[in-house]
Amino acid sequence: MNKINQDLQRERNNCSFNVQELTTLIDGGLEKTKERKYRESVFLSKKDGIFDGVPEEYLSHKERYENNIRKSVYLFGLVRKMQGEGKTSITNYRDLIGGLLGSSVLRDGSSLGLHYIMFMPAILNQGNEEQQAKWLPRAWNCSIVGSFAQTELGHGTFIRGLETTATYDASTREFVLHSPTLTSYKWWPGGLGHTANYCIVVAQLYTKGVCHGIHSFIVQVRDEETHMPLPGIKVGEIGAKLGLNAVNNGFLGFDSVRIPRSHMLMKHAQVLEDGTYVKSRNSKLNYGAMVFVRVVIVFDMVNYLSKAVTIAVRFSAVRRQSQLKAGQPECQILDYVTQQHKLFIGIAACHALRITADKLWNTFNDINDELVGGNLERLPELHALACCLKAVTTADAAAYVERCRLACGGHGYMMSSNLPLTYGQVTAACTYEGENTVLLLQTARFLVKTYQQKDTKKLTPTVAYLKTAAANGFCDTWSNTVEGVINGFQLVALRKISHCVECMTKRVNSGMSFEDAWNMTSVQLVAAAEAHCRVIVISTFFEEIRELAKTASAELKEILYQLVDLYSVYWALEKLSDLLLYTPITHKDVEQMRLWYEETLTKIRPNAVGLVDAFDIRDDILQSTLGSYDGRVYERLMEEAMKSPLNAEPVNETFHKYLKPFMQGKL
């Protein structure tokens with residue numbers, strides 16, 4: 001092992017808590033830590049030089065895809081091996097696949113990802129028992145590779161507007177899939193370009209001349225032996241993007257393609273052999289697959305953000321720049337409070353968002369259990385919760401990762417820092433699987449309905465605070481505590497929701513249609529949904545840390561509460577205008593809050609490196625010249641620079657071909 005940078009080693013020596021204890025807490029227990037380390041050791045065994053070669057940023061678009069397929073087949077082959085050994089199952093592969101895609105050596109994503117996080121979950125959630133028995137074993141061992149095609153060239157978030165049709169032909173007991181326009185072509189499905197040979201296609205169902213809205217169908221798009229597109233299928237890749245270029249996003253069009261009746265996923269709605277349509281008992285039962293994917297996205301954002309803050313904090317401990325006081329040596333940039341302000345919120349957010357995602361996952365499983373018994377009461381709440389958490393988490397992660405990049409100065413702009421690639425991955429998540437503004441509006445619709453019923457109906461757990469906040473109203477004083485911030489945010493969310501309802505009511509009463517009133521109020525509705533989500537995240541973070549702290553050491557307990565303090569006061573200051581508008585906070589309270597924030601940064605500063613070390617991200621997962629465990633930043637930057645093909649020879653051929661004639665005026 002290389003010698004550790006002295007500044008970085010000193011940071012570790014001064015850490016006040018046991019880093020391994022926090023790692024175990026993050027993983028969810030010692031056994032979980034062992035499982036994670038085992039998976040990593042399997043995935044990163046680096047046999048046969050599979051991860052060697054020219055860095056991907058120097059490859060062409062085509063070469064990057066081909067190189068990623070090589071790596072993906074190797075890594076997912078290991079997943080299949082672990083399945084065969086009984087070391088993982090279809091019930092716990094969220095951790096396995098989420099960890100592999102979100103924090104692994106597949107720096108630019110994988111075209112096999114959607115197979116696991118959408119193709120199989122959709123079959124589980126929407127397929128009947130017979131369909132699951134037929135398709136899941138083949139999908140699970142990857143004898144077929146699937147994608148999920150919903151978004152079209154002309155329609156994304158407005159799912160009801162999708163143009164692809166699936167018309168039932170009772171004479172042959174087949175569905176005829178067709179793309180009537182260019183805008184009806186499926187656009188964006190991961191892995192669809194050249195990787196997947198099957199796909200779940202979302203299309204408008206027609207039977208007996210009646211449209212029954214969107215439904216899902218399993219469609220074979222390529223021959224299983226030759227991989228050639230099947231007759232009537234037009235499929236390919238959509239081209240280069242800001243990031244995730246190895247995901248192989250594709251397009252898909254149909255020219256009257258026939259599939260068997262049994263290929264419609266029929267767990268909730270069915271088409272009988274004679275074409276009779278049997279409606280689902282509740283259209284919201286299809287939320288399950290979407291919620292699963294959004295939970296995976298939240299965990300992915302935590303993985304990416306953990307990498308970014310690890311890189312930036314370690315670099316900030318190594319990098320020395322300028323003098324705090326004249327005559328003194330240049331100081332570590334981590335000593336500047338502005339740098340702490342940029343980075344420490346990212347550390348706290350990793351814990352806050354991971355804990356909230358765990359709670360969402362548990363809620364998802366609890367509600368799924370209730371569904372088995374026919375209880376659908378909490379489905380709308382689950383959908384609203386998943387929508388706002390996906391939106392807020394991805395937006396926050398994108399902002400925090402960019403702060404980490406900027407905190408590393410020019411070196412953070414280097415691809416070898418892994419910060420640009422990480423930003424490309426997190427900012428993409430703000431759009432896929434539900435554009436964030438649209439998702440917040442879906443949450444807002446649930447909140448408006450809940451607010452209107454709060455006096456006559458028992459509220460579900462995540463919105464129960466609306467009733468208590470309404471009963472308490474304005475308290476006399478503001479409390480500069482975490483509980484005070486939570487109460488303040490609850491009041492903000494309540495007032496914002498109530499104000500939206502009042503605005504829409506006035507507009508409707510003045511003669512405006514409800515739809516126009518909603519549109520005119522939509523900016524406020526988005527803000528209300530975000531405020532609600534902030535309540536959920538901060539209160540969940542506080543409540544869960546309070547429970548976890550009961551069994552933690554005194555040293556760890558102290559740092560955990562500091563992270564809760566930091567996260568709470570940071571967002572209170574960020575949303576100060578809302579607090580001033582809706583709570584009794586005063587000028588003096590704000591001044592004290594700023595001192596509280598600055599003092600908390602100072603308290604966390606000695607443990608910053610220990611906190612990111614506790615994420616326990618291996619160097620071959622981090623893949624950053626700036627963030628390695630040993631802190632050899634400058635040596636690694638130079639080593640990586642020398643890998644550039646341009647440095648393979650001292651004089652590039654363009655000198656003699658172009659530059660020299662130009663410089664001598666001979667062009």
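The values are calculated or read from the model by the stated rules, or taken from the named source; none is laboratory data. As the structure is a prediction and not an experimental result, all values here were calculated from the model. Methodologically, a virtual Cβ is constructed for each residue, glycine included, from the backbone with ideal geometry; neighbour enumeration extends over all protein chains shown. Quick note on the areas: whole protein, heavy atoms, side chains included, nothing else; ligands and nucleic acids left out. Shrake-Rupley method; radii C 1.70, N 1.55, O 1.52, S 1.80 Å.
Which of the residues belonging to the stretch 647-667 are under 30 Å from residue 637 (Cα atoms) and among the small types (Gly, Ala, Ser)? Listed by number, the list holds a single entry, 648. What about residue 97, is it among the aliphatic types (A, V, I, L, M), at pLDDT 80 or above, open to solvent by less than 50 Å² (accessible area, probe 1.4 Å) and in a helix (DSSP H, G or I)? No; evaluated as a whole, the condition is false for this residue.
Scan the stretch 216-248 for residues that are modelled with pLDDT of 95 or more and either open to solvent by less than 20 Å² (accessible area, probe 1.4 Å) or in a strand (DSSP E or B) (or both) and the total you get is 13.
Please determine, by comparing only the residues of the stretch 165-201 that are aliphatic (A, V, I, L, M) and surrounded by fewer than 21 Cβ atoms within 10 Å (Cβ to Cβ), which one is farthest from residue 258 (Cα to Cα).
Taking the stretch 165-201 and keeping what is aliphatic (A, V, I, L, M), we get 166, 170, 176-177, 182, 192, 196, 200-201.
Subset that is surrounded by fewer than 21 Cβ atoms within 10 Å (Cβ to Cβ): 170, 176, 182.
Numbers: 170: 12, 176: 5, 182: 20 Å.
Per the stated criteria, the residue is 182.
For the stretch 323-330, the criterion of being surrounded by fewer than 17 Cβ atoms within 10 Å (Cβ to Cβ) and either touching an Asp or Glu at 6+ places or on another chain (Cβ under 9 Å) or part of a helix (DSSP H, G or I) (or both) is met by at least one residue.
Where in the stretch 524-623 are the helices (runs of 4 or more DSSP H), entirely inside, with at least 2 residues that are charged (D, E, K, R)?
554-574, 587-604, 619-622
Residue pairs whose Cβ atoms lie under 7 Å apart, separated by 6 or more positions or on different chains, with the first residue in the stretch 638-656 and at negative phi and the second open to solvent by 100 Å² or more (accessible area, probe 1.4 Å) and assigned to a helix (DSSP H, G or I), are 652/646.
Residue 377 fulfils the conditions (1) in a helix (DSSP H, G or I); (2) of a type outside the set (A, V, I, L, M); (3) open to solvent by 10 Å² or more (accessible area, probe 1.4 Å) except for a single criterion, (1). Residues in the stretch 45-58 that are surrounded by fewer than 17 Cβ atoms within 10 Å (Cβ to Cβ) and either touching a helix residue (DSSP H, G or I) at 6+ places or on another chain (Cβ under 6 Å) or closer than 14 Å to residue 617 by Cα (or both) were compared, and the one that is modelled with the highest pLDDT is 58.
Residue selection: residue 443 fails the criterion of being out of contact with any helix residue (DSSP H, G or I) (no Cβ under 7 Å at 6 or more places or on another chain), of a type in the set (Val, Ile, Thr) and in a helix (DSSP H, G or I). What do you reckon, is residue 515 acidic (Asp, Glu), open to solvent by 20 Å² or more (accessible area, probe 1.4 Å) and touching a Phe, Trp or Tyr at 6+ places or on another chain (Cβ under 9 Å)? No, not satisfied.
For beta carbons closer than 8 Å, sequence separation of 6+ or different chains, a first residue in the stretch 505-520 that is at negative phi and a second that is part of a loop (DSSP other than H, G, I, E, B), the qualifying pairs are 507/521; 520/512.
Within the stretch 108-132, the residues that satisfy the criterion of being farther than 21 Å from residue 424 by Cβ and of a type in the set (A, V, I, L, M) are 120, 122, 123, 124.
Out of the residues in the stretch 249-273 meeting the condition of being hydrophobic (A, V, I, L, M, F, W, C) and within 30 Å of residue 56 (Cα to Cα), tell me which one is most open to solvent (accessible area, probe 1.4 Å). Ranking the qualifying residues of the stretch 249-273, first place goes to 251. Of everything listed in (1) more than 19 Å from residue 237 (Cα to Cα); (2) in contact (Cβ under 8 Å) with a residue 40 or more places away in the chain, the single unmet condition for residue 161 is (2).
Name the residues in the stretch 62-94 that are open to solvent by less than 20 Å² (accessible area, probe 1.4 Å), polar (S, T, N, Q) and at pLDDT 70 or above, would you? Selection gives 68, 72.
Residue 206 meets the conditions (1) under 29 Å from the mean Cα position of the chain (by Cα); (2) outside any loop (DSSP other than H, G, I, E, B); (3) surrounded by fewer than 22 Cβ atoms within 10 Å (Cβ to Cβ) in every case but one. The failed one is (1).
Table: residues versus (1) modelled with pLDDT of 95 or more; (2) aromatic (Phe, Trp, Tyr); (3) more than 17 Å from residue 440 (Cβ to Cβ); (4) within 24 Å of the chain's Cα centre (by Cα).
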| residue | (1), (2), (3), (4) |
| --- | --- |
| 517 | yes, no, yes, no |
| 521 | yes, no, no, no |
| 526 | yes, no, no, yes |
| 536 | yes, no, no, yes |
| 540 | yes, no, yes, yes |
| 543 | yes, no, yes, yes |
| 552 | yes, no, yes, no |
| 555 | yes, no, yes, no |
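The single condition among (1) surrounded by 21 or more Cβ atoms within 10 Å (Cβ to Cβ); (2) over 21 Å from residue 357 (Cα atoms); (3) not polar (S, T, N, Q) that residue 536 does not satisfy is (2).
In the stretch 176-203, the residues that are under 9 Å from residue 250 (Cα atoms) and in a strand (DSSP E or B) form Cβ pairs under 8 Å with partners that are open to solvent by less than 10 Å² (accessible area, probe 1.4 Å) and of a type in the set (S, T, N, Q), at six or more places apart or across chains, as follows: 186/164. Of the residues screened, residue 148 is one that is surrounded by 24 or more Cβ atoms within 10 Å (Cβ to Cβ) and within 30 Å of residue 61 (Cα to Cα).
Looking at residue 334, is it more than 28 Å from residue 431 (Cβ to Cβ), open to solvent by less than 40 Å² (accessible area, probe 1.4 Å) and either in contact with an Asp or Glu (Cβ under 7 Å, 6 or more places away or on another chain) or in contact (Cβ under 8 Å) with a residue 24 or more places away in the chain (or both)?
Yes; evaluated as a whole, the condition is true for this residue.
With respect to being of a type in the set (A, V, I, L, M, F, W, C) and at pLDDT 90 or above, residue 326 falls outside the description. Among the residues of the stretch 456-509, those that are hydroxyl-bearing (Ser, Thr, Tyr), open to solvent by 40 Å² or more (accessible area, probe 1.4 Å) and part of a loop (DSSP other than H, G, I, E, B) comprise 456, 477, 479, 481.
Screening the candidates 645, 661 for the property of being in contact with a helix residue (DSSP H, G or I) (Cβ under 6 Å, 6 or more places away or on another chain), over 27 Å from residue 345 (Cα atoms) and not aromatic (Phe, Trp, Tyr) yields one hit, 645.
Scanning the stretch 618-659 for residues that are touching a Lys or Arg at 6+ places or on another chain (Cβ under 8 Å) and at pLDDT below 95 gives 620, 621, 622, 623.
Just one of the listed residues (553, 522) is surrounded by fewer than 17 Cβ atoms within 10 Å (Cβ to Cβ), among the polar types (S, T, N, Q), under 21 Å from residue 17 (Cα atoms) and touching a helix residue (DSSP H, G or I) at 6+ places or on another chain (Cβ under 8 Å), namely 553.
Each row is one residue, and each column tells you yes or no for (1) of a type outside the set (Asp, Glu); (2) without any contact (Cβ under 8 Å) to a residue 40 or more places away in the chain.
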| position | (1), (2) |
| --- | --- |
| 329 | yes, yes |
| 341 | yes, no |
| 366 | no, yes |
| 389 | yes, no |
| 397 | yes, no |
| 421 | yes, no |
